[in-house]
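Here the structure comes first, spelled out in structure tokens, and everything after it is commentary.
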There are 2 protein chains.
Amino acid sequence: MAVPSLDEIFMPRSVAVVGASPENFATFAGFTVIALLDAGFPAVYPVNPRYQEAFGLPCYANVSSIPGTVDHVIVCIPAEKALDVLDDCAAKHVKSVHFFTAGFSESGESERVELEAVMLSKARAAGIRIIGPNCTGLFIPKARLTCATRLPLEPGPVAFLSQSGGHAQDLPLHAGPRGVRFSKVVSYGNALDIGECELLEYFTDDPETGIIAAYIEGVRDGERFKKALRRASRKKPVIIYKGGITETGLRSARSHTASMTSSVQVFQALCRQENAIQVDDVQEMIDAIVALSFAVPYPQGTGIAVIGQGGGPSVQASDQLESAGLALPAIPPQIEAELRQFLPMAGAIYTNPLDATNLVFPQAIGETIEVLGKVDQIHMMMYHMGFHPVSRWGEGRFSDDWFGRPMVEALHNAVAKIKKPVILALGPASDRAGMEEFLTVRETLVGAKLPVFYSIDKAALAMARVESWNRRRGSAGVS
Amino acid sequence: MAVPSLDEIFMPRSVAVVGASPENFATFAGFTVIALLDAGFPAVYPVNPRYQEAFGLPCYANVSSIPGTVDHVIVCIPAEKALDVLDDCAAKHVKSVHFFTAGFSESGESERVELEAVMLSKARAAGIRIIGPNCTGLFIPKARLTCATRLPLEPGPVAFLSQSGGHAQDLPLHAGPRGVRFSKVVSYGNALDIGECELLEYFTDDPETGIIAAYIEGVRDGERFKKALRRASRKKPVIIYKGGITETGLRSARSHTASMTSSVQVFQALCRQENAIQVDDVQEMIDAIVALSFAVPYPQGTGIAVIGQGGGPSVQASDQLESAGLALPAIPPQIEAELRQFLPMAGAIYTNPLDATNLVFPQAIGETIEVLGKVDQIHMMMYHMGFHPVSRWGEGRFSDDWFGRPMVEALHNAVAKIKKPVILALGPASDRAGMEEFLTVRETLVGAKLPVFYSIDKAALAMARVESWNRRRGSAGVS
């Protein structure tokens with residue numbers, strides 16, 4: 001059988017959901033039907049022999065009884081029925097089957113490992129590609145194909161391949177409000193057919209993808225992965241979160257997706273060698289994507305100037321930035337003199353970090369950045385408003401009119417002038433009123449494509465990683 | 001002159017705020033008057049010769065012209081007038097003066113260092129204690145004396161001495177919604193008179209204080225501090241956040257509060273030796289306080305069982321818990337058999353971390369904890385609902401009726417039965433609806449005195465620190 005290309009797989013126009021029932025709307029099958037309808041996906045077919053109707057749609061006894069074409073099938077019924085479903089799908093000539101269903105090789109039971117092998121040969125014979133099993137499948141914004149509600153449906157440049165279905169849903173859920181948009185997100189679970197190597201190769205050449213992110217528990221073909229990573233990272237930034245780096249984590253990864261990484265050290269050394277950006281959890285992965293996407297132009301060195309209010313936060317910033325590998329150059333006397341012209345002396349500390357009482361006013365912030373930006377050793381700027389009194393979110397001092405929108409203008413002007421990235425560390429809020437104010441300001445800043453982080457240390461970590469990546473790729477033709 | 005005791009200083013009944021004006025309500029002076037009135041502090045006197053009235057109160061030209069007693073004075077006018085204000089306060093026989101005013105020894109200028117010395121001798125001669133300069137002063141809930149709005153006014157067992165005014169406001173602001181309540185919070189800035197040693201000694205004997213937290217940039221009298229820390233940590237848990245641990249951080253601390261710590265290593269070794277709990281920022285300090293306050297009874301070892309939903313999060317939890325120094329014991333076969341009676345097999349992973357689809361139902365969570373609690377090698381339990389699909393805060397699945405309140409009951413019952421601590425890692429929400437749902441559930445769980453953390457790794461770090469502290473204090477008579 002002719003096997004469909006990944007381009008075809010990633011652009012389905014009709015989807016059947018096997019195992020959907022109006023009773024189990026809280027399970028993945030029902031949740032998926034709702035999410036697809038919410039997203040405006042063109043043709044959704046619930047499949048369940050026990051119902052005539054589900055979610056206001058006609059419900060079919062099996063895939064082959066659906067009238068018209070079915071491109072993609074999402075399977076949410078027990079593993080025991082996997083082969084029957086594949087026969088059903090083959091009869092309908094579907095292109096791809098995503099098994100949400102778990103209980104295969106990851107169970108460690110030999111008959112389940114064998115079952116997977118039979119599934120694979122059956123699918124191959126029918127020209128069907130398998131996604132999973134044991135995963136949440138596809139999120140393809142331009143196809144309006146989603147695996148969860150509330151994910152950002154506007155297409156964008158980030159591809160994410162994830163061995164964990166949870167992470168595949170959570171990364172877009174949490175990255176969306178920070179301005180990150182996706183080309184394709186693929187959760188591939190046990191990687192029976194489509195796995196990390198094929199996806200990495202595909203995204204390397206995918207014109208819709210500019211940044212590749214990967215959550216990987218284990219790699220099956222080390223040599224192929226090495227080549228794929230090398231080619232990918234020479235063409236695009238590649239961010240890798242390796243799950244299972246401790247002994248307990250490895251044991252856990254084996255039970256999760258039957259992954260068998262032999263050596264974490266070898267994997268990490270390979271990532272370093274190929275200049276992949278390594279991160280330690282999903283939130284750090286989002287931070288790295290935000291830095292790559294919005295902290296532009298990329299910093300040409302590790303020097304950072306930090307501005308904001310509060311002596312304690314300044315000390316904390318100093319410790320955390322230096323620990324992350326960034327440097328805080330001193331402020332030259334002539335620059336200090338310039339700053340003293342518009343920053344009030346009382347309560348101010350004219351060092352780096354710079355702390356002055358009017359550093360809550362967008363105009364003062366913008367001017368300060370412009371003046372500091374003239375220093376050669378300063379390659380990037382951080383404005384922090386978080387864990388200190390002036391950013392007591394919820395007291396109405398950071399309204400959008402007063403702060404958010406003027407801040408956007410001030411920052412855009414400053415960045416255009418100094419041609420160095422400015423990042424924002426907006427600390428967490430503590431209560432309802434604070435959260436409301438924080439979310440409003442975040443929305444405005446993110447909407448203006450500014451890089452927003454949630455803490456000084458995580459912002460520093462992301463910038464240190466991007467600076468190192470950018471420096472190492474040098475001018476070796478990496479776009 | 002007879003010098004008032006700290007007990008007297010910490011129970012003022014009348015306060016003058018020098019520098020308050022209706023024009024500068026956004027500055028510390030005005031902000032403080034508003035906060036004191038909000039808190040219901042009995043007698044607040046704005047002092048400013050330019051006004052007759054401020055914030056609806058009579059405004060006085062100076063402290064001595066206020067009718068009746070004035071116990072405490074908050075000074076927010078330039079350093080140049082510090083000596084005049086002290087004379088004015090001496091004439092009025094006030095007990096304590098808090099200088100919010102900065103621009104003293106931390107400026108590095110010799111005449112400012114000298115000015116501080118004169119202030120101190122003037123205050124001593126008048127029997128006045130000085131707090132600061134360059135700090136936000138006192139937050140004493142039982143006196144309804146506050147330095148900011150929105151701090152938790154119900155008294156409790158935590159004392160905080162902080163060289164940073166920002167941290168002194170932010171710790172209670174952020175710890176309040178996690179159930180932490182305070183005996184006394186003292187921001188002491190440049191430590192001209194009252195400093196870290198005296199406060200540590202005082203809190204050691206303070207019957208209202210059960211936990212001592214300290215943010216310290218520098219120590220002036222190493223020998224006295226060593227003795228004070230030894231005595232304190234034998235009597236109460238002491239949590240220390242040392243600001244300025246890197247070269248840049250030290251430089252920053254010097255400009256902030258003129259602190260001159262000679263060796264970070266010596267300080268940290270002392271903390272280890274005296275079994276103080278060391279943390280790396282204010283949020284970690286709150287985590288440690290939450291663990292000490294609500295993760296009771298304290299764990300009798302490093303073994304932890306982790307339950308929740310999602311394979312990816314389980315792998316992440318494994319890596320992060322092992323990295324934090326905790327152990328994840330395997331689940332014995334007979335315990336696994338018990339769990340299989342009520343946890344559905346489909347999609348479940350019967351290892352530690354334990355992942356099952358019904359681990360969102362409070363009853364299943366409670367039962368699971370009771371069964372796992374029987375394993376001797378498991379000394380504590382973590383339930384995580386955060387960075388994974390099931391905790392998609394904002395979809396209404398975690399309403400208070402359905403989840404929050406039944407969860408409180410299930411957890412209280414389980415903890416009473418197994419006599420081991422159960423901690424909750426509630427991940428962040430991403431958008432407005434999510435935040436609203438998250439805050440509601442947090443409120444209910446915190447209101448029931450349960451230990452709530454915001455991430456798996458930070459929860460693990462706090463528990464590892466408390467376990468180590470608890471083990472090391474042994475039975476050496478530490479309460």
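The set of residues from the range A:125-143 being within 13 Å of chain B (Cβ to nearest Cβ) and either under 16 Å from A:E217 (Cα atoms) or without any contact (Cβ under 8 Å) to a residue 60 or more places away in the chain (or both) comprises A:G132, A:P133, A:N134, A:C135, A:T136, A:F139. Pairing each residue of the range B:333-352 that is modelled with pLDDT of 95 or more with any residue that is assigned to a loop (DSSP other than H, G, I, E, B) and of a type outside the set (G, A, S), provided the two are 6+ apart or on different chains, yields C-beta distances under 7 Å for B:I335/B:K374; B:I335/B:V375. Scanning the range A:144-170 for residues that are basic (K, R) and at the interface with another protein chain (Cβ under 8 Å from one of its Cβ atoms) yields a single hit, A:R150. Among the residues of the range B:388-396, are any touching a residue at least 12 places away in the same chain (Cβ under 8 Å), β-branched (V, I, T), within 14 Å of chain A (Cβ to nearest Cβ) and more than 23 Å from B:V290 (Cα to Cα)? Yes, that holds for at least one residue.
Which of the residues that make up the range B:232-255 are of a type in the set (A, V, I, L, M, F, W, C) and in a strand (DSSP E or B)? Correct list: B:V238, B:I239, B:I240.
Mind checking which residues of the range A:173-189 are surrounded by 24 or more Cβ atoms within 10 Å (Cβ to Cβ), modelled with pLDDT of 95 or more and of a type outside the set (A, V, I, L, M)? Passing the criteria: A:F182, A:K184, A:S187, A:Y188.
Of all positions in the range A:196-213, at least one carries a residue that is within 14 Å of chain B (Cβ to nearest Cβ) and surrounded by 23 or more Cβ atoms within 10 Å (Cβ to Cβ). Put simply, of B:I289, B:I365, B:I369 the only residue that is β-branched (V, I, T) and closer than 25 Å to A:T246 by Cβ is B:I369. Flag set for B:W402, criterion: surrounded by fewer than 20 Cβ atoms within 10 Å (Cβ to Cβ) and either modelled with pLDDT under 95 or not in a helix (DSSP H, G or I) (or both).
Do the conditions hold for B:A305, that is, is it assigned to a helix (DSSP H, G or I), crowded, with 21+ Cβ neighbours inside 10 Å and either assigned by TED's automatic domain parsing to the domain that holds B:L461 or not acidic (D, E) (or both)? Answer is no for this residue. Here A:Q300 meets the list (1) of a type in the set (S, T, N, Q); (2) part of a helix (DSSP H, G or I); (3) more than 9 Å from every other protein chain (Cβ to nearest Cβ) almost entirely, failing just condition (2).
Among the residues of the range B:256-276, is there at least one that is away from chain A (no Cβ under 14 Å), among the β-branched types (V, I, T) and either crowded, with 19+ Cβ neighbours inside 10 Å or closer than 26 Å to B:L461 by Cα (or both)? Among the residues of the range B:256-276, at least one is away from chain A (no Cβ under 14 Å), among the β-branched types (V, I, T) and either crowded, with 19+ Cβ neighbours inside 10 Å or closer than 26 Å to B:L461 by Cα (or both), which makes the answer yes.
Annotation: of all residues in the range A:218-237 being under 23 Å from A:L192 (Cα atoms) and in contact with a Ser or Thr (Cβ under 9 Å, 6 or more places away or on another chain), the one that is surrounded by the most Cβ atoms within 10 Å (Cβ to Cβ) is A:V219.
The values are calculated or read from the model by the stated rules, or taken from the named source; none is laboratory data. Keep in mind the model is a prediction, meaning the values are calculated, not measured. Note that each Cβ is placed from the backbone with ideal geometry, even for glycine, and that neighbours are counted across all protein chains shown.
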